[in-house]
Structure formats: C-alpha cells, structure tokens
Amino acid sequence: MTDLLPQNIHDALAAKAIEHLHPREMIIEVLRAIQDHRGWVPDEGVELAGQILGLTPLQIEEIATFYDKIYRQPVGKRVIHVCDSIACWSRGAENLYLYLQETLGISPGETTQDGTFTLLPTCCLGLCGEAPAMMIGLKAYGRLTRERIDEILATERAEAGA
Amino acid sequence: MPILTIDNQQIEVLKGTNVLEAAKGLGIVIPHFCYHEALGAVGACRLCAMNFVEGPVKGIQMACMIEAKDEMVITTTDQASQEMRARVIEWLMMYHPHDCPVCDEGGECQLQDMTIAGGHDIRRYGGKKRTYSNQDLGPFICHEMNRCIQCYRCVRTYQDYCGGTDFGVLGTNQRVYFGRFRDGRLESPFSGNIVDACPTGVFTDRTFRYRTRYWDIEEAPSVCPHCSLGCAVIPGGRFRELQRVRGGVNKQTNGFFICDRARFGGGYGNHPERPRVPRVDGAQTTWPEALRALRKRITDLVARHGPGAVAFLGSPRASLEANYLLDSWAASLGSRRIAFDSHWQHDRSARVAAGKLGPRAASLEDIRCSDFILMIGVDPLNEAPMLALAVRQAVRRGVRLAVIDPRPVTLPCAAAHLPLAPEALPDVLEALAGGDIRRLGRREAVLLEGILEQLRAAERPVLIGGPDLLGAAGIERLLDTARLLASEHRPCKVMTVLAGPNSFGCGVLARQGPDFEAILNGMLAGEIKALVCLESDPMTGSSDPARTGMALGKLELLAALDYLPTAAAHHAHLFLPTTAVPESAGVYVNNEGRMLLFSSAMDPGTPISVSGGGDHPPRTFLPATPGSEPRPAWATLGHLQGRRLSLRDIRQAIEMEHPNFAGLSSLTTGGEGKRIADISPPPETAPEIPFPHSEGEGTLRLYAMEDFAGSGELAGYASALAPLRPTPFVMLGALDAKQRSLSDGQQVRLRSELGGVGVALRVVPDLPAGIALVPRLRGTALESYVPGRGHYDCQILSEDEEKT
Amino acid sequence: MKQHEQVLFKNRSPGETAFLETYRKSGGYQGLEKALTKMSPEQVREEVKKSGLRGRGGAGFATGMKWSFFPADKPGEKYLVCNGDEMEPGTYKDREILMADPHQLVEGMIISAYALQIPVGVIFIRYAYEQCSRNLERAIAEAMEAGLLGKNILKSDFSFELHLHRSAGRYICGEETALLNSLEGVRANPRSKPPFPAQKGIFGKPTNVNNVETFANVQHIIAHGSAWFKNLAFTESGSGTKLYCLSGHLERPECFELPIGISLGAVIEEYGGGVWRGRRFKAALPGGASTPYLTAEHLGVGLDFDPIEKAGSRLGTGAVTVFDETTCMVAATLNLNRFFARESCGWCTPCRDGLPFINWLLEKIENGQGEMGDIDMLREQIRNINGRTFCALAMGAMGPMQSLVDLFEEEIIDHIKKRCCPLKT
Ligand SMILES: Cc1cc2nc3c(=O)[nH]c(=O)nc-3n(C[C@H](O)[C@H](O)[C@H](O)COP(=O)(O)O)c2cc1C
Ligand code: SF4
Ligand code: FES
C-alpha cells in the first residue's frame, strides 16, 4: 500500500471518510492523492480508494474514467498537456504539438523511452492570453515557441532527475 | 385527468402520464430506446421526438420527458419530428457492426426494428468506426460492446433497479463503456435482466448462445415455479429442449424483471435422467399398462384394507387442476388421507395464509408502493428473490425498512436489521400485536417501540413474514398484528412468503384435512399401505427425511407422477411421467392468493441434443417423438378416475366446489391474474400450532436456511445454476466463534443428530449467540438439513479438536 | 487606451496576488460588514436584484432573479456553490480574479450565503487552476483566522463554512447540474431540469450556483450600492463592469476590466492592440467557444447581453477570440467542434454521436474531399442537434457551427470547389 499512498495520508483520508456523511464525495480527492504519490492510478489504486470509501472498485472506476486528468495508465514522471483549443490553435499550437512529438520522439499518448515525459493533448487551460500554452504536471507554461519549449523540457528533465 | 390531442386523435390519460405513453394509448408507437416503463424516462437517446404544436411546451420535444397536459396538440408524422428520429437512428448506427447474421439478438432486436421504423437505411457516415473490446462476464451473459447504442438501460437496470454494484458505466463522450472493473461473473442475483433490458445484442444469454433464432423458438407466457411469488416468465423451447427463460410482464407481481434462478434455472425439465416412460415395478411399460396396473392395485388395496389404506400427497409445485383432481380422486375412493405438502410447517403456513390473509394480502406492487416495511423471519434474496427487488424499489423512494431476523438477510438496499434469535420471534410478534414488550431485552424493546411508531404513522405499511422461522403460528400472529394495526382508513397489508408456486392453492384445497405428519404416522403404524405422490418427493421434501424414508419403505405401493428424477420417483413401484411446467398449461395460486395461468410453450420429448448424442438428430424414423410420453398430470389423474376432462371442465368444477376460485375459468394468460375471492366466513381456527422452535438450552442451535440456488427442488436439477451454488459452510456469531477459538474461513466439523460433516466457517458478526446457520444445499452433505422444521442441536469443532 | 474604473481588478498587479492585508486596505470586507450589521438578508437580495447583475458564467441569467427562486427563508440543509470550472476555450477571467485577488470571491460568497441564509459553501475549481486553489486555500484560512468566515462571522449570529473542491478535468462539470453530480461523487452527467438546483441540488437540498465573477461582484454592489454598479456600464440595459478576456490574433491578448457595453471594435483596437501582424479582422467569437461568430460588420456592437443577442450571438463568458483574414473558418470551427465532441459527457445521442458526425463532415471538407451535398448534410445535422440535446453543451457547439454555414457558406463552397482548403499555407 505504501507505494500507493503514504501511511499518514491514507490514515487521514480514512478518518475523514468515516466522519463523512457521503464518502462518495471524496472519490476524486482520494484518487488525486494516489496519483500525486504514485504518478498514476493503477488498478490497485482504484481498489484502495474503494476500501477507504466503502465502495466497490467499479463504483470508483465509473468516476475515475470520467475525468481526463485521472491517469488510469502508467505515465512518465512528467505529463505534458498541450492545449489544442481555439485560442492556442489560432496561434500555432498545432505546429508546436508536432514539434514536441518530434523532439520527444513520441506520439500523443506515449511516454518517452527514459520514462520522463508523457505527451497528451488537453482542452483549454485558461492560458489563452498566453497562447500557445501547455501544462506540465500542474505547472502552466505560456507564450510557447520552439526555443522556449527546448528550455522548458531541459529544466523539467533536470528537475525530474533524468 | 388531462386530455390531449396526438395526430388528430384525442386521449384522456392519468395525471402524470408522459406523452410517449399517452401516444401508445392511441396505438401510436414512437421509436424509443432509453425510456422503459420500469426504469422511467431519462431523456438520453433523444429518439422519441414529437412536434408539440399547442400547449405549455412548443416545438420538437422528447415525448418521454414531457408530462401530458390539457390542451396539448402534438404531431408525430410531421417532417421535423420524423427527420429528428431518422437522424438519431443514423447517429446510433454510425458505428454499429454489420453482424446481425451472427448476433443472437437478430430477429428480436429493438435496434433492427427501430432502424426500420426510424427510416434509416443507408449509412452516410464514412469516418472511422469506434470499436471496443469485450469482457468475460461469466457463465450467464455474453458481452459484445460494439453493438452498444448507449441507451444506459443496462446500467439503470443493474444498478438502479436491481442494486448491483459491480457493473456500470465507464468513460465519457463517444467512448462510454458498459462493463465491470475487471472480467468476471456479474455478481447480482438479478444480472440476467440486462439481457432483457438491452435493446440490442450487447448482452445476450450465454446459456442460449447460437442455439436458436427468435422466429424458431417456441414461447408462451408462463409462471415461474421456483418460489411462491408467481413471477411472469416466458420460457422458450426448441428441439424438445427448454433453451431459455426470459422475464414476462405482470405489474402486480414481478413487474418486468425476474431473478437469475428463474432465468437460468429452467434446465430441470431437460435433466438427462428425467424419467420419461411409465414404469411398473422397475420395468418400463406402456401408458395403458401402467394406468391399468395402478388402478387395479389401488382397487385391490381398498378392497382388502378399506379406503383409508390409500393416502395421497399433492404438491405446491403441481398445478391447481392436478391437485384438485388428486383430491377428488381420493374423495371418490373414500379416502380422506390427503395432504398437499410433505413439509408439515409449510403446509400449515399455507393453510393459515389461504384461510386468513384475505383482503390484507399485499402484492409485490403494493410493496413497491408502500411507505413502511417490516420484515420478520423472512430472507427474501434466498426464499423469494423478487421480493428483495420489490422492497428495494420502496427503499429507493426513501421508505424505511426494518428487518427482524437472526439470519444475515442480505438485501440490495439499506435496512435496519435487528438480529434476534428465532426463539425471540414469538415474543416480538406478541409485542407487535400489543403484548408485553418488556419480555424482550431493553435494547430490543426500544428498537421495537421505534418500529411500532413508524408502523402506526405510515399510511401504507406492509408486514412481511416467512414460514421457515415463523411457522404457521407465527404467520397467524403476523396476520393478527396487521389486523390490529389496520383501521378503516388505513390498511396494513401483509405478505407471507410460502414454500412453492402453488402453496396457496394447496392451502385452500387442504382445508381441515390431515397433514403429512398424520399420514407419516399412519404409514409407520402400517395403516396406510399405499401412497400416491403427485409431483412431490417426500423423501427430500418433508421436514424429516429419515423418518419419511423409513415410512415409505413399509408401503405396499408407492406411486409417483412426476417429471423430475426424484428419490420417490426412483423408488416408486409405479411411475407415471408428467409434463414439466413449460410443457404444461395450468394455474398456480401465488403467495398472495393470485390465480395465475401458465400455458404450454413446448411439447415434451427427449431433447435432440440428447437423442442425437449432441450432434445431428438420428435418422431413424419413428412414428412418435422419442421421449414424448409425459402427459400433463391433470390429464392422467382424470383418466385414472375414468373421466375425460378438459382444463376448462376442471376449472369449472373447481369453481363450483370452492367458491374462492370464482373467475378461475375465465382467466387468461399474460395478464395480472386474479386474486381469489375471500372465503366468508373464514374457516374455524385451526388447532393450536407450535412455533418451529423451542427455548434454547445451551448447546448450539442449528437452523437450516434456504439458499438462492442451492436449496430449491427444481433449482437442484438445473445444472446451469451450478456456478451460483456455494460450497458448504456454517455460520456462527462472532462471540461463539471466539469462545471456540474459531476464525472466519476456517474448515470446521459440524456435528448433529444427522452426523458429522466438514464445512467452512463463516463468522457473522451480529448473529445471535447460541445460534448456528447452514444453507440447505442439495447434492451436498448439507442436503438433509431442512429449513423450517425447527433447530438441530449441534456442535462446531475445529478439525484438530475433532481428531483428538 | 482609456482607463476605466477598476472594480474587480483594483488590486491586480502583474505576478502578484493580493491577500488579506492588501485586500482590506482597498476596502475589502466592508461589504460584508455592512451586510451583516446594517442589512437583513432580504435587503441584500433586494440590492443585488436592483443592481441588475447578470450571471457571468455564460448564460447571463439575472442573479437577483435566480436568488429570488431560492428558498432562503426555509431553514435546513442548503448549499452555496461557486462554479470555478472555467473550461470554455478562450475564457480565463475567473483565473485572473483568483490569481490577483482571491478574497473577492470569498467575501462575495459569504455575503451571498448570508443573503440566501446558507450555512455551507463549496468552491469547485478546475484541475488546471492549482495556483488559484492554493490562493483560495490561503484566503479561506486568512478569513477564518480573522473571524470573517466560520462560526459567528464578525460576532453576528451568522455562520458559514466554505470548502474547496478540486476537480480532475472535463468541461461538462461546468454545467451546473453536472457540477452538482460531480461534487456528489457520481458521474458528472447533467440532471434534468426541473427540478432546478434551487429546489433540489446537492443531495436533493436547495443549492444556489453562481460563477466566480458573479460572486466577486456582490460585495462591491453591497459596499457601493446598486445605483453605482448600474452606472458602471456603458449601456442603459447593462450594469457593472465585465472582465473581457481577449485571445486569438491580437497584438495584446489580455484580460481587461471594462464597462459592460463597450464595443467589440473598441476592445479589439484600443485594448487588444488591434489585429496582429497588421492583418485585417475576419471574425470573432464574442463570448467564448459556444457563441456564434461576429464579423466586421458587427465591430460596432456593444459587448452587452442584449445588443450582442440582437447581432445574432451571445455575450457568454465575455471571452473575445479574434481571427484574422488568413484564418480558415472551416478549420477553426472544426477545432471548436472537436473540443465539444471530446468533452461531451456521453449521455445523449445528438451530442455524443452527432458531434463526431460533424467532425467527419468538416474534416472531409477541410481535406478537400467535400461534396456540395455536404453543406445540406451539415445544415441538417445542426438543425437536429441544436436545441435537441439534454443539456446546453451541444447547443453551445452549434453556436459557431450555425454561424459558419450562415456567414461563411461561400468559404465552404470554395473548399469543395477547389478540392482543398483555400487558406492553407
Ligand atoms: C457545457 C456547459 C459548461 C459550462 N461551464 C461553466 C463554467 O465553467 N463556469 C461557469 O461559471 N458556468 C458554466 N456554465 C454555466 C452554468 O451552467 C451556470 O449557468 C452558471 O454557473 C451559473 O452561474 P451564473 O448565473 O453566475 O452565471 C456552463 C454551462 C454549460 C452548458
Ligand atoms: S448535450 Fe447530452 S451528451 Fe452532450 S454534454 Fe449535454 S447531456 Fe452530455
Ligand atoms: S485555448 Fe489554449 S489555453 Fe485557452
């Protein structure tokens, strides 16, 4: 279990769930806690969430698969979400998306060989004023150019310890 | 009551009716998928578009979502609504595979029908098709997600209606997926309903896979014989074999759905050892021979020993007509020794219900519509599964449910459970009926006070009880309680679960006659020389199999009419094969006294899969169908009395003799049936009947209970149900387990008067102290533990203790 | 660039977030104090009603009117929900508020809760706005500490607890009934209305949902009065300011607080710095991805609810996305429609399957494989999706789509005739 959730967080969530009138409300909270720790939510994570909240794995999975920011498949250390919505599109996001694929050597949905980056499209990030934009993990990056992307990837890669 | 106009026709409908239903009332059937009468309107498929020309809403609207209102003027044939429906069908068909030729749904596929009705023919969409991978959903249901049209009916059936928690909707947008978390058998005992609910071929009956096209199957409306509720089912046969059962519609009983025992438990009629040929003294013979022999032997016995030497045993799984003819045969011989259920408590319970339930009888629909439910001594999921679903529907509406029962009583809904030992139930009933509440513990008294308060406050309360723990005495008390709680303005209805599909009918026929105990004593004393068993097996059916076996051994003549390879049929000197339920027509009277007609879906015969050795049918030509000897029991019984009777004649005779059955001969199949008329005046009170349990004395008291798929006589012969049967186990309370240093899951030794067996231990936290429970499991060491006969003294030891 | 009165952006300064101290210095929590000490809940509701404030979440429903349907005077479990999902492409105004001055939302919600007599509030924040969530967490903690939130606020007998709920993606969660489901931990499909959330919301209890910007306006209305608020607008019918978030082909695609009713042209030219690269204006989405395009002839239209509607579009969220003359409108609309198709919750057929059908049609046309019949097919798809779905998501998708066939039919025909995209470089 420890590789899904640190004990102290597990216990805190479990305690909160017992107090909670509707533990269901906490599904996303628990899944996000597991994802924060583990990077993604494996099957065992869904089962653990079910245990904590007194729900069946299916009842968790119904919610987990609804949201695109709950990863039910392994991802790299850093997930790159590239905005493909209208404001970014209007300012060249498509080309930058291709550039990212080239640079990283992967197609959308894939993870780099070294396990550092996963590339995913996302809808509008609310960074339309700084379009084109992307988000790596929970960090927002705007005003992207090829050069800036190179820099960002280098920093992120270094931070990820790769 | 609103009056509205649809396609220039006016209709008046009940307030609250939706426009789609209103149109149906005019014979205007508009294509729809997500709407289902039992599941309600959710507006997902957007197919039932109509044009609202006048009234409170205007324009193209989804008819299922709109309540019919006065002055609405609606069209369904206008261009706009037709175009909308055509588009919706086109969208639904964008990705649909061209696999109708290999799809089991073909021919009875709503999607096929709606595609035609919606005017969609050529697929214009030329993009990529969405595809899914399927899951293994276990032995009963096949999954083929590519056929899905996302009407959400399966999940609304499985989760919302049936309370299942292991199947649901995954994903979003055009990739929503209906399935489980992982491969595996669907856990709900009502899982099969998604087959009926799915309008296309996503969920099909695996046991029926690739066997028959819809237009080749022989079907007829029938009644489920697996318990006393009388759910409507539609058995289907082909190649002389019952191939499937699907749910029928009876709004008073099951509504639209059925349980998996009914659906996948139809195989008893196909049993490879089913005796199909008449037999005399172990040798097969012809019908005339067998009938002549039976008549002669009985005449001889009567001549030698008087009519009292011949006894009769009817059966809650035989039709009313057959039971009636058995009764009249006994009477014509001058024998008054006839009982209708070899299980003494079940017999007495049925008589009490039949005699006293009267207008207080609650139907399943009454339960669904009730506003407070108290269940006492009843375990619906195992004893009468659809009752659990009826209760769930009330609970979904926010109705409170209280359960008083020592057993764990699992339900597909929330309930307040008060686990009391069986011995405490009489006190509870006493207290409910206004007796002294202080005889119970303090905690119990407080809870019971609360329940009573809610009972009094409710407008449509229902009490539900069963015979296994309450016995006839308890059922009688429960009825008294309801009478006391009811007032002129407020009914208090009761449902009593009974043992078999026709227990109630047998209860009416039995009147003040003897019970099987008396017959058993007569056999043991040597007074009774012959027993005629109509579709009943006292060897396994009576409360005391051992004593019954001994008694049967003393008989000069054991005659059996049956369609099951029972022990009694096996040992009978004279055997006459009868038709199984799907092969017969007749009447069952369900547990609330509702007369329900079933008709014959197929003729009897050895399945071609058997006679052809699993391959092609044999090429030898015979004048008669192999294995087609079984005859309806009523026909044989008429014949034995030298009477040529049609079912209609018999029904009329029953009506004449038993006024309660008024209306019997005008019943039709497929409707709601008809409640029997209440006997007036009710029969004199029966003799005082003891509860099926005494005060406890120290050793563990072991009670047998029913199991969903393991206990029923018919279920026991249905091989398809095997995956649902548990391995033998015994249940013990946490405290008792701890005292014995036993833990959950451990293998233990169970010792009682019936001997010793090794079983797994299940620790049930709140099982009352001093009590142990076993399911009756046919075909296992737990077969001879009969529910409803009181307790067995027992010991539970760890395997090591046993050795020392 | 003319300076207009800054209300919501008063404390905005680049790269910084104003917290309690700064907020109080600028007059923060005076509205709350006034409401709690000098006004009855009913008076607060009345003031908001008089202010003419209309919802900033996209639908533009009059807030005072919405509140009047709420059973404020009935005691019991009730909820106040802030819709901070903000996933409509082009829209980032709520983010700007929460990055600059989060206490505005907190105060606005407390006053609203007081007005509606609601004991519990939840702020629903989208996944991508982690920094906003942290700002809010801090603001909530500060407010609690200062006795502005929690039990007996400012020593009155009014108590209000405020929670933060972080989501995990999906645009549909912004639809208010889907949002309620999402909060309850069930799948975020919309619910059918009626019953409206004011009658049956979270767990069947009365619930009032408003947008971040809507709530943020409340304390300013209470502090300065409804007359002042109405006067902020340019137009007679409008009231207050609006956060216009500019994006697309502009020199300065930023978010500006401007009087409601300012003209589209003025916003583009004066604030957005004009169309980029010296190109000509072709079209704009005036209020987010679900509003019909406006073209050059509409540059004079005032960005207010009623005038835009007259021009055939909607103010929506006030997110102005501008397209220059080189933009292929088929491709732009395809991009929008792909967004909607992907974000469909999957509940109803026209949205779940109809939007992908349109994607296929537009892709065909854009790739030069379109046929003349496709235009009719497109119209027929729009006709049968628009207004025929369970919730407004697909209707939103049909906004730009309808205007594509109405305003740019020539361009579609051009694609089909030339068997390629004439604007592709
Ligand atoms: C598909 C869809 C998405 C929506 N997204 C949002 C959103 O992200 N934020 C928001 O405030 N309102 C959104 N709305 C509008 C809400 O349903 C609701 O009208 C609004 O939150 C009410 O607040 P207001 O009256 O303050 O505007 C959305 C509506 C639809 C149909
Ligand atoms: S229009 Fe239908 S499928 Fe689309 S988001 Fe709304 S409810 Fe879901
Ligand atoms: S469109 Fe890319 S962040 Fe909004």
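The values are calculated or read from the model by the stated rules, or taken from the named source; none is laboratory data. Everything numeric in this text was worked out from a predicted model, so none of it was measured. All Cβ positions, glycine included, derive from the backbone under ideal geometry; neighbour counts span all protein chains shown. Note: areas computed on protein heavy atoms with side chains; ligands, DNA, RNA excluded. Shrake-Rupley method; radii C 1.70, N 1.55, O 1.52, S 1.80 Å.
Restrict the check to the stretch A:89-101 and report whether at least one residue is more than 16 Å from ligand 3 (Cβ to nearest atom), within 11 Å of another protein chain (Cβ to nearest Cβ), part of a loop (DSSP other than H, G, I, E, B) and not hydrophobic (A, V, I, L, M, F, W, C). Within the stretch A:89-101 (the criterion being more than 16 Å from ligand 3 (Cβ to nearest atom), within 11 Å of another protein chain (Cβ to nearest Cβ), part of a loop (DSSP other than H, G, I, E, B) and not hydrophobic (A, V, I, L, M, F, W, C)), the answer is no, since none of the residues qualifies.
Of the conditions (1) within 14 Å of chain C (Cβ to nearest Cβ); (2) touching a strand residue (DSSP E or B) at 6+ places or on another chain (Cβ under 6 Å); (3) on the phi < 0 side of the Ramachandran plot, residue B:171 clears all except one; give me its number. Every condition holds for residue B:171 apart from (3).
Filtering B:761, B:797, B:732 for residues that are under 12 Å from residue B:701 (Cα atoms), in the same structural domain as residue B:712 (by TED's automatic domain parsing) and part of a strand (DSSP E or B) leaves a single hit, B:732. Does residue C:342 qualify as being within 16 Å of ligand 3 (Cβ to nearest atom), crowded, with 17+ Cβ neighbours inside 10 Å and charged (D, E, K, R)? Considered against the rule, which asks whether it is within 16 Å of ligand 3 (Cβ to nearest atom), crowded, with 17+ Cβ neighbours inside 10 Å and charged (D, E, K, R), residue C:342 comes out as yes. On the given criteria, is residue B:141 open to solvent by 40 Å² or more (accessible area, probe 1.4 Å) and aliphatic (A, V, I, L, M)? The answer is no for residue B:141. Listed here are the helices (runs of 4 or more DSSP H) enclosed by the stretch B:319-408 that have at least 1 residues being basic (Lys, Arg) and closer than 30 Å to residue B:725 by Cα: B:344-356, B:364-368, B:385-396. Contact map, the stretch C:189-206: residues that are within 13 Å of another protein chain (Cβ to nearest Cβ) paired with residues that are open to solvent by 50 Å² or more (accessible area, probe 1.4 Å), Cβ distance under 6 Å, separation 6+ or inter-chain. Pairs shown: C:205/C:77. Would a scan of the stretch B:114-132 turn up a residue that is at pLDDT 95 or above and of a type in the set (A, V, I, L, M, F, W, C)? Scanning the stretch B:114-132 turns up no residue that is at pLDDT 95 or above and of a type in the set (A, V, I, L, M, F, W, C). Within the set C:336, C:404, the sole residue that is away from ligand 1 (no atom under 16 Å from the Cβ), open to solvent by less than 10 Å² (accessible area, probe 1.4 Å) and not assigned by TED's automatic domain parsing to the domain that holds residue C:191 turns out to be C:404. Looking only at residues of the stretch C:197-242 that are among the basic types (Lys, Arg) and more than 22 Å from the chain's Cα centre (by Cα), we find that the one that is nearest to residue A:20 (Cα to Cα) is C:205. The residue pairs whose first member lies in the stretch C:230-259 and is under 16 Å from residue C:92 (Cα atoms) and facing chain A (nearest Cβ under 10 Å), whose second member is polar (S, T, N, Q) and not in a strand (DSSP E or B), and whose beta carbons are closer than 7 Å, counting only pairs six or more residues apart or on different chains, are C:245/C:91; C:248/A:90. The listed residues are C:380, C:366, and the only one of them that is open to solvent by 10 Å² or more (accessible area, probe 1.4 Å), in contact (Cβ under 8 Å) with a residue 24 or more places away in the chain, more than 16 Å from ligand 1 (Cβ to nearest atom) and of a type outside the set (A, V, I, L, M) turns out to be C:366.
Residues of the stretch A:113-142 that are in contact with an Asp or Glu (Cβ under 6 Å, 6 or more places away or on another chain), part of a loop (DSSP other than H, G, I, E, B) and more than 11 Å from ligand 3 (Cβ to nearest atom): A:138 alone. Of the helices (runs of 4 or more DSSP H) entirely within the stretch C:324-425, those holding at least 1 residues that are at the interface with another protein chain (Cβ under 10 Å from one of its Cβ atoms) occupy C:329-343, C:355-366, C:373-385, C:393-407.
So how many residues does the stretch B:363-383 have that are touching a Gly at 6+ places or on another chain (Cβ under 8 Å) and open to solvent by less than 10 Å² (accessible area, probe 1.4 Å)?
Looking only at that region, the number is 6.
Is there a residue in the stretch A:37-48 that is of a type outside the set (Ser, Thr, Tyr), within 9 Å of another protein chain (Cβ to nearest Cβ) and within 18 Å of the chain's Cα centre (by Cα)? Yes, the stretch A:37-48 contains at least one residue that is of a type outside the set (Ser, Thr, Tyr), within 9 Å of another protein chain (Cβ to nearest Cβ) and within 18 Å of the chain's Cα centre (by Cα). Residue count for the stretch B:126-145 under the criterion of being touching a strand residue (DSSP E or B) at 6+ places or on another chain (Cβ under 9 Å) and away from chain C (no Cβ under 14 Å): the result is 9. Among residues of the stretch C:53-65 that are not assigned by TED's automatic domain parsing to the domain that holds residue C:213 and more than 8 Å from ligand 1 (Cβ to nearest atom), none has a beta-carbon under 6 Å from a residue that is open to solvent by 10 Å² or more (accessible area, probe 1.4 Å) and among the small types (Gly, Ala, Ser) at least six positions away or on a different chain. Can we say residue C:294 is buried (at least 21 other Cβ atoms within 10 Å of the Cβ) and within 16 Å of ligand 3 (Cβ to nearest atom)? For residue C:294, the condition - buried (at least 21 other Cβ atoms within 10 Å of the Cβ) and within 16 Å of ligand 3 (Cβ to nearest atom) - is not met.
Among all positions in the stretch C:181-202, there is no residue which is buried (at least 24 other Cβ atoms within 10 Å of the Cβ) and in contact with a Gly (Cβ under 7 Å, 6 or more places away or on another chain). Mind checking whether some residue in the stretch A:7-20 is surrounded by fewer than 16 Cβ atoms within 10 Å (Cβ to Cβ) and within 11 Å of chain C (Cβ to nearest Cβ)? Looking through the stretch A:7-20, at least one residue is surrounded by fewer than 16 Cβ atoms within 10 Å (Cβ to Cβ) and within 11 Å of chain C (Cβ to nearest Cβ). In the stretch C:166-184, the residues that are facing chain A (nearest Cβ under 10 Å) and without any contact (Cβ under 8 Å) to a residue 12 or more places away in the chain form no Cβ pair under 9 Å with any partner that is among the hydroxyl-bearing types (Ser, Thr, Tyr) and more than 10 Å from ligand 1 (Cβ to nearest atom), whether six or more places apart or across chains. Of all residues in the stretch C:162-180 being open to solvent by 10 Å² or more (accessible area, probe 1.4 Å) and more than 22 Å from residue C:200 (Cα to Cα), which is nearest to ligand 3 (Cβ to nearest atom)? The selected residue is C:171.
The residues of the stretch B:32-41 that are closer than 18 Å to residue B:202 by Cβ and surrounded by fewer than 22 Cβ atoms within 10 Å (Cβ to Cβ), listed by number, are B:36, B:39. Of all residues in the stretch A:110-140, those satisfying the criterion of being away from ligand 1 (no atom under 16 Å from the Cβ) and without any contact (Cβ under 8 Å) to a residue 12 or more places away in the chain are A:110, A:113, A:138, A:139.
The condition (being without any contact (Cβ under 8 Å) to a residue 60 or more places away in the chain and surrounded by 24 or more Cβ atoms within 10 Å (Cβ to Cβ)) is satisfied by just one residue among C:120, C:106, C:44: C:106. Looking across the stretch C:348-362, the residues that are under 16 Å from residue B:45 (Cβ atoms), away from ligand 1 (no atom under 16 Å from the Cβ) and without any contact (Cβ under 8 Å) to a residue 12 or more places away in the chain come down to C:349, C:353.
Taking the criterion of being closer than 18 Å to residue B:781 by Cβ and among the polar types (S, T, N, Q), the only residue of the stretch B:707-724 that qualifies is B:711.
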